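Reading through the structure tokens given below for one structure.
The values are calculated or read from the model by the stated rules, or taken from the named source; none is laboratory data. All values derive from a computational prediction rather than experimental measurement. Quick reminder, even Gly has a Cβ in these numbers, built from the backbone with ideal geometry, and neighbours come from all protein chains shown. Protein only, heavy atoms only, side chains kept; ligands, DNA and RNA dropped before computing areas. Shrake-Rupley method; radii C 1.70, N 1.55, O 1.52, S 1.80 Å.
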Amino acid sequence: MRRHWILGLLLLLLVQMGRAEGLKMREVFKQMPDSLLPYLSENNRLDFIDFIDSKMKAEVKNRLGGTSEMTVLTDSTLSIRMSEALQIDMLLLRTVETADAGSSEIICLIETFGADSLSLESTVRFFTSSWQLLNEPPSISVSDQNTISSKKMQTILKRDDEILKKN
């Protein structure tokens, strides 16, 4: 009896530890609907993760015949240069806790379009952890808002650096 009680307690502890870790970007990216990134197939997304894990250059041939490259993959962020004219950044964020709803994890998808640094335009969309589009921006912390702003600026600065290196 005592052995079963200890085993049950250990099992409960393991389940709680799994919940405490939360979502990881690689799992979110694997589950992303193809319709949100039509450039990439599910196999392309899995290849990106495998290449990053193997410390290789994460580059794949996309559905349009061009090359896409994943440049960053952490537990909470992801960056992909989809083409010369499209950069994708994804962030895992937590909503600000409210008395009635608590906090939850959301996905921020930043798409930056443009052929040169003078004509870049970013769109920001938010999704639930199961990829349902949020119609209204969620309540997020000021630091997360700053992170989103810096990602948009960082993309512009990266592109400027690339242009300067070519000249």
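State which residue pairs qualify: first residue touching a residue at least 60 places away in the same chain (Cβ under 8 Å) and of a type in the set (A, V, I, L, M) and inside the stretch 26-37, second residue surrounded by 16 or more Cβ atoms within 10 Å (Cβ to Cβ) and assigned to a loop (DSSP other than H, G, I, E, B) in any location, beta carbons under 9 Å apart, and separation of 6 or more residues or different chains.
Met32/Leu40
What are the residues in the stretch 67-94 that are at pLDDT below 90 and outside any strand (DSSP E or B), if any?
Glu84, Ala85
Quick check on the stretch 56-86: of everything there that is open to solvent by 40 Å² or more (accessible area, probe 1.4 Å) and hydrophobic (A, V, I, L, M, F, W, C), which residue is nearest to Asp144 (Cα to Cα)?
Restricting to residues being open to solvent by 40 Å² or more (accessible area, probe 1.4 Å) and hydrophobic (A, V, I, L, M, F, W, C), the top hit is Val72.
Only residues in the stretch 44-56 that are closer than 12 Å to Leu73 by Cα count as the first member; pair them with residues that are open to solvent by 40 Å² or more (accessible area, probe 1.4 Å), Cβ under 8 angstrom, at least 6 apart or cross-chain, and list the lot.
From the stretch 44-56, the pairs are Arg45/Lys30; Ile49/Arg26; Ile49/Lys30; Phe51/Lys57; Phe51/Glu59.
In the stretch 106-122, which residue that is part of a strand (DSSP E or B) and open to solvent by 50 Å² or more (accessible area, probe 1.4 Å) is modelled with the highest pLDDT?
So in the stretch 106-122, the residues part of a strand (DSSP E or B) come out as 106-113, 121-122.
If we keep only those that are open to solvent by 50 Å² or more (accessible area, probe 1.4 Å) as well, we get 113, 121.
Values: Phe113: 88, Glu121: 84.
Per the criteria, the residue is Phe113.
Of the numbered conditions (1) acidic (Asp, Glu); (2) modelled with pLDDT under 90; (3) under 26 Å from Asn43 (Cα atoms), Glu97 satisfies every one except a single condition; which is it?
(3)
Of the residues in the stretch 42-66, how many are farther than 14 Å from Val28 by Cα and either assigned to a helix (DSSP H, G or I) or under 14 Å from the mean Cα position of the chain (by Cα) (or both)? Full working, then the answer.
Residues of the stretch 42-66 farther than 14 Å from Val28 by Cα: 43-44, 47, 50-66.
When the remaining residues are screened for being either assigned to a helix (DSSP H, G or I) or under 14 Å from the mean Cα position of the chain (by Cα) (or both), the result is 43-44, 47, 50-53.
Residues that pass the stated criteria total 7.
Let me confirm something: among Glu21, Glu27, which residue is at pLDDT below 55 and under 21 Å from Leu91 (Cβ atoms)?
Values: Glu27 fails: at pLDDT below 55.
Exactly one of Glu21, Glu27 is at pLDDT below 55 and under 21 Å from Leu91 (Cβ atoms), namely Glu21.
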